[in-house]
Structures are given as structure tokens and as C-alpha cells.
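Here's the structure we're looking at; comments come further down.
The values are calculated or read from the model by the stated rules, or taken from the named source; none is laboratory data. Worth saying up front: this structure is predicted, and the values here are computed from it rather than measured. Methodologically, a virtual Cβ is constructed for each residue, glycine included, from the backbone with ideal geometry; neighbour enumeration extends over all protein chains shown.
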Amino acid sequence: MNDRFEIYLMPSFGVDSDAPEIEELASVLTDGAKSRRDAAVLLFNYVRDSIRYIPYTSFMQIDNYLGTATLERGYGFCTQKSALLVALARAAGIPARFHFADLKNHNLPGRMGWVLGSDMMVYHTYVEFHLDGLWLKATPSFEKALCDKMGWRLVEFDGTTDAILHHRDRSGVVHIEYVKDRGTHHEVPLTDMLETWYHEYGPAALERWESTLAENGRAASA
């Protein structure tokens, strides 16, 4: 592996790929994989479906984004699920990084629309794996059970082509519209994310977001 990829194989801010739990899980999940591509698909499927997408999760501290914390919770939003996937990939020897974008969710659940006061998802996060000389996009946000419930199209990653959120849902209605590309990072740019959320959504929205956390914690553990 070229030295320029080392940064995408090492632990970084928000990526605890050297944690024993992460290393052990990556080893178990990729046991028997015949290639890095196969291993990436196995890791993607695990994070997509085994970790529930729940946006009402603590978000102010970097510890909230660590893969070990997300494994313990069993749920998280896009950045947290992506951080777990990046950590697992790096632990398995697959270069991985974050890609950020702003998108409009035309089918945003009402509660999230109330919390944010907008249908814009600012700093939406997905993963890029470096496989066979290419950076491939892979979005693990929405699990199969949630897609079945909501009528959304499931994102499926095969290790050969990009896999991002679909423009239309299963009924053909417009669902996701990518609006702005915010580039790639080797770590979680938490300061930039928080400052941008504060600017885009306003302090009242972040307060509403935080106010849902205790309620969600009770519901998620039920």
C-alpha cells in the first residue's frame, strides 16, 4: 500500500480503529472473505443493518462518534454509523475515509423536520473505501428494516460501484436530492460540523435536538 494511504488506515479523531472491540469485530466479520472487496461488503452490510438509524443521539462530543460507543448503543445517525464503518474498515486493512455532503430529504419524518426546522441534512456523511485503485462511495445510513417500513430504496454496496442514497423511493417519488459536496476527511471534523449546524439550523434547533435525547434513550432501550 502506498504511503499516501497510511492516514486512511490509522486511528484518527473520532475513529477508534485500534480499539480491541473494533479489531475483534472486524476480524470476525471478515473471516473467510476472499478479497478486500468482499471484506468491505461484509462490513458495510453489518453496519447498515445491525446498527439502527436513529438521529436523536448525543452529538456534541467526539466520544459520541467513536465506533465503540455506537456499538454499545446499537444506533446512531449517519456520521456515527459511518465512523463505525470507517473504524472497522481500517481495522481490517482497508483504506477508508469520510465524505460529506448537504442533501434535501423530500420524505423527512415529521419529527425530524420539527427538530431541524428544515428538510436539509447538512453534513450528511457516508464512507469511501479504496478498493482496486478506486475510491468507492458507500452509504450505511438506513437499515433494511427501516427502508421496508418507510418505503425507501435500500442502498446496496457490491464493492465495485458507488452506493449512495437513492434519488427516488420505491414508489417513484423523489426522496433524496444532493445539494452541496463538502469533500472528504480522514477524521470527524466535529468543530466544523457543529459550527455549520449552528449557523444553518440555529441554536433553537440544536436545543430541540438535544431535548429529544433523554426521551429517545428511554425508547431505544425499551
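Checking the condition over 20 Å from ARG52 (Cα atoms), of a type in the set (Ser, Thr, Tyr), touching a residue at least 12 places away in the same chain (Cβ under 8 Å) and in contact with a Phe, Trp or Tyr (Cβ under 7 Å, 6 or more places away or on another chain), which residue from THR184, THR160 passes? Checking each option against the conditions leaves just THR184. Residue pairs whose Cβ atoms lie under 6 Å apart, separated by 6 or more positions or on different chains, with the first residue in region 92-111 and farther than 14 Å from SER141 by Cβ and assigned to a strand (DSSP E or B) and the second at pLDDT below 95 and of a type in the set (D, E, K, R), are LYS104/ASP119. Restricting attention to region 62-82, the residues that are touching a residue at least 40 places away in the same chain (Cβ under 8 Å) and farther than 23 Å from GLU177 by Cα total 9.
Okay, residues lined up against (1) aromatic (Phe, Trp, Tyr); (2) under 30 Å from ALA204 (Cβ atoms); (3) more than 15 Å from the chain's Cα centre (by Cα):
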residue: SER58; (1), (2), (3): no, yes, no
residue: TYR65; (1), (2), (3): yes, yes, no
residue: CYS78; (1), (2), (3): no, yes, no
residue: ARG97; (1), (2), (3): no, no, no
residue: GLY110; (1), (2), (3): no, yes, yes
residue: MET121; (1), (2), (3): no, yes, no
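Scan region 35-44 and give yes if some residue there is basic (Lys, Arg), on the phi < 0 side of the Ramachandran plot and under 18 Å from the mean Cα position of the chain (by Cα), otherwise no. Within region 35-44, not a single residue is basic (Lys, Arg), on the phi < 0 side of the Ramachandran plot and under 18 Å from the mean Cα position of the chain (by Cα).
Filtered by the rule that a residue be out of contact with any Gly (no Cβ under 8 Å at 6 or more places or on another chain), within 30 Å of VAL115 (Cβ to Cβ), surrounded by fewer than 19 Cβ atoms within 10 Å (Cβ to Cβ) and not polar (S, T, N, Q), region 18-59 gives a lone residue, ASP49.
Sub-7 Å Cβ pairs linking a first residue in region 188-215 that is aliphatic (A, V, I, L, M) and at pLDDT below 95 to a second residue that is part of a helix (DSSP H, G or I) and loosely packed, with under 13 Cβ neighbours inside 10 Å, at least 6 apart or interchain, are LEU206/TYR198, ordered by first then second residue.
Checked against (1) more than 21 Å from LEU194 (Cα to Cα); (2) part of a loop (DSSP other than H, G, I, E, B), ILE7 meets all criteria but (2).
State all residues of region 156-212 that are outside any strand (DSSP E or B), of a type in the set (Val, Ile, Thr) and closer than 22 Å to ALA138 by Cβ; if no residue qualifies, say none. Listed by number, the residues that qualify are THR160, THR161, ILE164, VAL188. The set of residues in region 1-25 being acidic (Asp, Glu) and modelled with pLDDT under 95 consists of ASP3, GLU6. Among the residues of region 112-140, none is identified as without any contact (Cβ under 8 Å) to a residue 24 or more places away in the chain and among the β-branched types (Val, Ile, Thr).
Among the criteria (1) out of contact with any strand residue (DSSP E or B) (no Cβ under 8 Å at 6 or more places or on another chain); (2) within 27 Å of THR160 (Cβ to Cβ); (3) crowded, with 17+ Cβ neighbours inside 10 Å, the one ASN64 does not fulfil is (2).
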